[in-house]
Structure formats: structure tokens, C-alpha cells
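Notes follow the structure.
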Amino acid sequence: MERQEQMHASCIYEIEVRGQVDEGDLNAMSPLQMTVVRVDTTATLFTIRADQSGLIGLMRHLHGRGLVLLSVSRKQ
């Protein structure tokens with residue numbers, strides 16, 4: 001039962017994508033609100049608050065928009 005509860009718990013995730021991406025562009029059509037933490041010449045790092053199903057949906061959304069995922073990590 002504990003594992004089931006963890007899947008539905010809302011957490012903060014950091015996601016890094018290849019290239020420079022504007023926060024407004026990220027959030028324009030996104031199912032979740034994202035906050036950009038760092039942008040450099042090679043990658044953009046942002047955070048979201050979601051449960052696991054929300055994270056998976058967002059990853060599919062980003063992939064569908066042609067963004068290359070470099071990393072995904074759970075912060076809390």
C-alpha cells in the first residue's frame with residue numbers, strides 16, 4: 001500500500017532538456033506549470049511539481065514538441 005501512495009504523492013522534479021528554451025514557450029501549451037532554473041548554451045533546467053503520472057504526461061508532451069530530455073531527477 002505504501003508504494004501506491006508514493007506514486008500519487010506530489011513531488012518536485014528537475015528536468016533538463018537540450019538547448020535554450022524560454023519559460024514562456026515551455027508553459028504556453030504545457031499541461032503543468034514549469035519554472036526555469038538555469039539556461040545556458042547547451043541546456044535548460046526547469047522544475048515542476050507533479051505526481052508520477054503527471055511527470056510521465058509532461059515527458060511525453062516535451063518529447064512530442066521535439067525537445068530532447070537530458071535528465072530527470074526527483075528533488076523531494
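Rule-based calculations on the coordinates, nothing more; no lab input. Because the structure is predicted, anything quoted here is derived from the model rather than measured. Cβ placement follows ideal geometry from the backbone for every residue including glycine, while neighbour counts extend to all protein chains displayed.
How long is the gain from Leu70 to Gln20 if the chain were fully straight, where each residue apart is worth 0.36 nm and the alpha carbon distance is subtracted? Mind showing how you got there, number by number?
On the way: separation 50, 0.36 × 50 = 18.00 nm, distance 1.27 nm.
Between Leu70 and Gln20, full extension yields an extra 16.7 nm.
Taking other residues whose beta carbon is less than 12 angstrom from the beta carbon of Glu16, and scoring Lys, Arg as +1 and Asp, Glu as -1, yields 0. Footprinting exposure proxy ranking of Met29, Met59, fewest other C-beta atoms within 10 angstrom first, gives Met29, Met59. Put a plus charge on the Cβ of each Lys and Arg, a minus charge on the Cβ of each Asp and Glu, and nothing anywhere else: the dipole of the stretch 2-74 about its Cα centre is then about 160 debye. Sequentially through the stretch 35-51, phi angles give Karplus couplings (6.51, -1.76, 1.60; θ = phi - 60°) of 10, 6, 9, 8, 10, 10, 5, 10, 7, 10, 10, 9, 10, 9, 10, 6, 8 Hz, Gly and Pro residues having no value and appearing as x.
The angle between the Cα long axis of helix 52-64 and the main principal axis of the chain comes to about 30°, on a 0 to 90 degree scale.
With the helix formula -39500 (n - 2.57) applied to DSSP H stretches of n ≥ 4, the chain reaches a computed 222 nm mean residue ellipticity of -9500 deg cm²/dmol.
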